[in-house]
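A.B. asks: Have a look at this one before I ask anything.
The values are calculated or read from the model by the stated rules, or taken from the named source; none is laboratory data. Note that the structure is predicted; figures quoted are calculated from it, not measured. Don't worry about glycine lacking a Cβ; one is built from the backbone with ideal geometry, like all the others, and counts go over all protein chains shown.
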Amino acid sequence: MQGSVPVPALRGVDLDINAGEFVAIMGPSGSGKSTLLNLIGALDVPTDGKIVIDREDTSQLNRNQLAKLRRRIGFVFQYFNLIPRLTALQNVELGMTIQGMSPKKRREKAIRILESVGLGDRMKHKPSELSGGQQQRVAIARALGQDPKFLLLDEPTGNVDTATRDSLLTLLKELNASQGITIIVVTHDPEIAQQARRTIRLVDGLVVSKGNPEISREVSS
Amino acid sequence: MRLFDQLGYAGNAIKTRKVRAGLTTLGISIGIAAIVALLALSNGFQAEISRQFELGFSTNVLYVTKNTEGPDPDFELHLNDSDVISGLSPHIDLVLPYLRTNLCNVTIGGQNYSLSSVGGVNFTAFHDLFPTTFVTTNGSIPIEDSNTSVVIGSKITKDPYNYKVGDNITLTWFQTVLVLEPAPHQVVIASHNRTFPVAAILPEIGGFGIGGPSDSGIYIQLTPAIEFFNTTVTNSIIVRIDSANPDQSVIDNVTAAIKNAYGKKINIISPTAILNTINRIFGFISIFIAGIAGISLVVAGIGIMNVQITSVLERTREIGILKVLGAKDRTVLSAFLFETLFIGLLGSALGIGIGWILSIVFGVIIGGTMTGGGMMGGDGGSAASNGFRISPILTPELILWAVIFGVIVAIVFGLYPASRASRLKPVDALRSE
């Protein structure tokens, strides 16, 4: 929206992403990448058309149903969006807390995930006491705690150094390959796009190339 | 989200903003403290008034007096009217006429003092009616109706009178007539004096002494009083009902029987009715006072709303994160409401404590002023035993209502910010800086 005149950020997007894919969404600023990400993540609903996630049409869902749907989506933001007053462990637990998991179970699970992303010794630290790369791992751990259908990452390399980027890429590939987690990354970074199995390019709200989902599915299956 | 987790989350949010939460809590505390202190004091004051009142009055008696605005201005209640009244109802077990009091003078050291409560009454019946106040530990109350000794109130034993048992009191009263020209005034046509020995001194009674024995009274047996004052006109006739705590219906019956016989020529005063009226007035005053104190609670509520709106603005991103993680609107709403609920509960608890302390402090101060100023009888320290003192009363109902009000205010004023938070769209919330 600009003023009161609606400006469509996306026009005519027709896209399928299958389970197990590792997809990069690329495009210049203002091409509608983030809008697409918000729609896929059920943070927003389209004014026209529909988004179907796991056979559920988001435009048909009410606010509560959308909230429940989001519990199955792992979001990792460019600025991590950790809650500053909570420790790494508490941040990771938060999603599970919202799902109503018992304190004992969610603590065990959060510890396990934090250890798996290499933060076993940083669990009691608050975000301000962690490096950018570590904060990002906490954010990924929180997303993984949701047992997500897919991980959505928004510009994951925008705020970290090269070394962190490399280890992030390794982590993402590992999650995709060994655990079969679907990964969708919105990025400017050609390096990331290269590592993804498929790249979708957006320009001015239009998909100009969407790679080949068939190949991805074959690889992931 | 589990209830316990919601509470924990709200608690954590408060903990990180201790000063702000503390000040908001203080606001609620002050409001609650004001209400609790004022109502506890008012309860105590009311109880004290009732206590003082009951010292001078018995609840099972009625006072029959001449209606000065009645149809017959020359009508007087005479001693023999007590015989008429006693036959009116089977519920009446004692009728005591109280001879009209005259202003009497006493001369002490060349100085004239006037006494307004010199009364003629049958001592035995008077003691029967007021067994706790018309008694003595100093001297003895004469039984014989023609005995010319007097019984005096405790004030008459103090400055400037200083009478003791065995002393003689010379009372003087002046017979006057009304002269209309040039302006209406009383002219003394004769003076009558007589000396009475003091037989007994009453204990300190305090209270208002309406009808019953009073600290400044001088009591003469009926027969010598009739002789001295040369009258059979009564001030009032006290009627006692045959049970210590009569039902209102019995009181009403007796009242109606007397009214039937005398019509509008007389007034009937029921202490119970007066006490009820006093209590009703106090109830109203209490509510009024609490209402004024309630304004401070509303101010505190606005404080909560202010702080929570700021908090929602500051934590918009956090709200967005909660929603991204799948929190429902209701969960966000209750997370914020629980914060204000904590503030309300803590504020109420503190407020009740502070209010209680304040009421005790003010009770002592007010009690001190009243006694020190001699407002309610007794001079200085001597009034301590029976003087006016306020012990604040904190009833369980008052505590309950204080907590309910504190919590209601917290929730009502926290509702708007919380619902604003809950209605935020996740995309918009995350976009905020």
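A.B. asks: Looking only at the range A:112-130, which residues are part of a loop (DSSP other than H, G, I, E, B) and either without any contact (Cβ under 8 Å) to a residue 12 or more places away in the chain or in contact with a Cys (Cβ under 8 Å, 6 or more places away or on another chain) (or both)? First the steps, then the outcome.
C.D. replies: The initial filter retains those residues of the range A:112-130 that are part of a loop (DSSP other than H, G, I, E, B), namely A:117-126, A:130.
A:GLY120, A:ASP121, listed by residue number.
Rundown of residues vs (1) buried (at least 18 other Cβ atoms within 10 Å of the Cβ); (2) within 30 Å of B:GLU144 (Cβ to Cβ), yes/no style:
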position: B:THR170; (1), (2): no, yes
position: B:HIS192; (1), (2): no, yes
position: B:VAL198; (1), (2): yes, yes
position: B:ILE201; (1), (2): yes, yes
position: B:ILE237; (1), (2): yes, yes
position: B:ASN245; (1), (2): no, no
position: B:VAL250; (1), (2): no, no
position: B:ALA256; (1), (2): no, no
position: B:LYS259; (1), (2): no, no
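A.B. asks: Taking only pairs six or more apart or across chains, which ones have beta-carbon atoms under 9 Å, a first residue in the range B:251-267 that is under 15 Å from B:SER89 (Cβ atoms), and a second residue that is hydroxyl-bearing (Ser, Thr, Tyr) and assigned to a helix (DSSP H, G or I)?
C.D. replies: B:ILE251/B:THR272
A.B. asks: Pick from A:THR170, A:THR162, A:THR157, A:THR187: which is hydroxyl-bearing (Ser, Thr, Tyr), farther than 14 Å from A:PHE80 by Cα and buried (at least 19 other Cβ atoms within 10 Å of the Cβ)?
C.D. replies: Selected residue: A:THR187, the only one of A:THR170, A:THR162, A:THR157, A:THR187 that is hydroxyl-bearing (Ser, Thr, Tyr), farther than 14 Å from A:PHE80 by Cα and buried (at least 19 other Cβ atoms within 10 Å of the Cβ).
A.B. asks: Let me ask you something else. Going by what's in this entry, would A:THR157 be described as in the same structural domain as A:SER31 (by TED's automatic domain parsing), hydroxyl-bearing (Ser, Thr, Tyr) and part of a helix (DSSP H, G or I)?
C.D. replies: On the way: in the same structural domain as A:SER31 (by TED's automatic domain parsing): yes; hydroxyl-bearing (Ser, Thr, Tyr): yes; part of a helix (DSSP H, G or I): no.
The answer is no for A:THR157.
A.B. asks: To continue, here is another question. One residue is enough: does the range B:282-296 have a residue meeting the conditions within 30 Å of B:TYR63 (Cα to Cα), in contact with a helix residue (DSSP H, G or I) (Cβ under 6 Å, 6 or more places away or on another chain), away from chain A (no Cβ under 14 Å) and among the hydrophobic types (A, V, I, L, M, F, W, C)? Walk me through it before giving the result.
C.D. replies: Step one: list which residues in the range B:282-296 are within 30 Å of B:TYR63 (Cα to Cα), which gives B:282-286.
Filter once more, so that each one left must be in contact with a helix residue (DSSP H, G or I) (Cβ under 6 Å, 6 or more places away or on another chain): B:282, B:286.
Now drop any that are not away from chain A (no Cβ under 14 Å), which leaves B:282, B:286.
Restricting the remaining residues to those that are among the hydrophobic types (A, V, I, L, M, F, W, C) gives B:282.
Yes - at least one qualifying residue is present in the range B:282-296.
A.B. asks: Also, I was wondering about something else. Looking for whichever is buried (at least 22 other Cβ atoms within 10 Å of the Cβ) and more than 14 Å from every other protein chain (Cβ to nearest Cβ) here; the options are B:ILE309, B:ILE304. Which one fits?
C.D. replies: Working: B:ILE309 fails: buried (at least 22 other Cβ atoms within 10 Å of the Cβ).
Unique residue meeting the criteria: B:ILE304.
A.B. asks: Which of the residues that make up the range B:312-328 are more than 11 Å from chain A (Cβ to nearest Cβ) and in contact with a Phe, Trp or Tyr (Cβ under 8 Å, 6 or more places away or on another chain)?
C.D. replies: If the condition is that a residue be more than 11 Å from chain A (Cβ to nearest Cβ) and in contact with a Phe, Trp or Tyr (Cβ under 8 Å, 6 or more places away or on another chain), then B:VAL312 is the only one that fits.
A.B. asks: Then there's this: Going through the range B:7-36 one residue at a time, which ones are farther than 20 Å from B:GLY303 by Cβ and either buried (at least 21 other Cβ atoms within 10 Å of the Cβ) or free of Cβ contacts under 8 Å to residues at least 24 places away in the same chain (or both)?
C.D. replies: Within the range B:7-36, B:GLY8, B:TYR9, B:ASN12 qualify.
A.B. asks: Further question on the same structure: Here are some residues: B:GLU227, B:GLU181. Which one is among the acidic types (Asp, Glu), more than 21 Å from B:ASP74 (Cβ to Cβ) and not in a helix (DSSP H, G or I)? Can you show your working first?
C.D. replies: Values: B:GLU227 fails: not in a helix (DSSP H, G or I).
Checking each option against the conditions leaves just B:GLU181.
A.B. asks: Quick check: anything in the range B:18-25 more than 14 Å from chain A (Cβ to nearest Cβ) and in contact with a helix residue (DSSP H, G or I) (Cβ under 7 Å, 6 or more places away or on another chain)? Don't jump to the end; show me each part of the working.
C.D. replies: Filtering the range B:18-25 down to residues more than 14 Å from chain A (Cβ to nearest Cβ) leaves B:19, B:22-25.
Adding the requirement that they be in contact with a helix residue (DSSP H, G or I) (Cβ under 7 Å, 6 or more places away or on another chain) leaves B:24-25.
Yes: the range B:18-25 contains one or more residues that are more than 14 Å from chain A (Cβ to nearest Cβ) and in contact with a helix residue (DSSP H, G or I) (Cβ under 7 Å, 6 or more places away or on another chain).
A.B. asks: Kindly establish whether A:GLN134 is in a helix (DSSP H, G or I) and either within 11 Å of chain B (Cβ to nearest Cβ) or at pLDDT below 95 (or both). Break it down stepwise before answering.
C.D. replies: On the way: in a helix (DSSP H, G or I): yes; either within 11 Å of chain B (Cβ to nearest Cβ) or at pLDDT below 95 (or both): yes.
Considered against the rule, which asks whether it is in a helix (DSSP H, G or I) and either within 11 Å of chain B (Cβ to nearest Cβ) or at pLDDT below 95 (or both), A:GLN134 comes out as yes.
A.B. asks: May I pose another question? Residues in the range B:91-127 that are outside any strand (DSSP E or B) and either acidic (Asp, Glu) or at pLDDT 85 or above (or both): how many?
C.D. replies: So the count comes out to 8.
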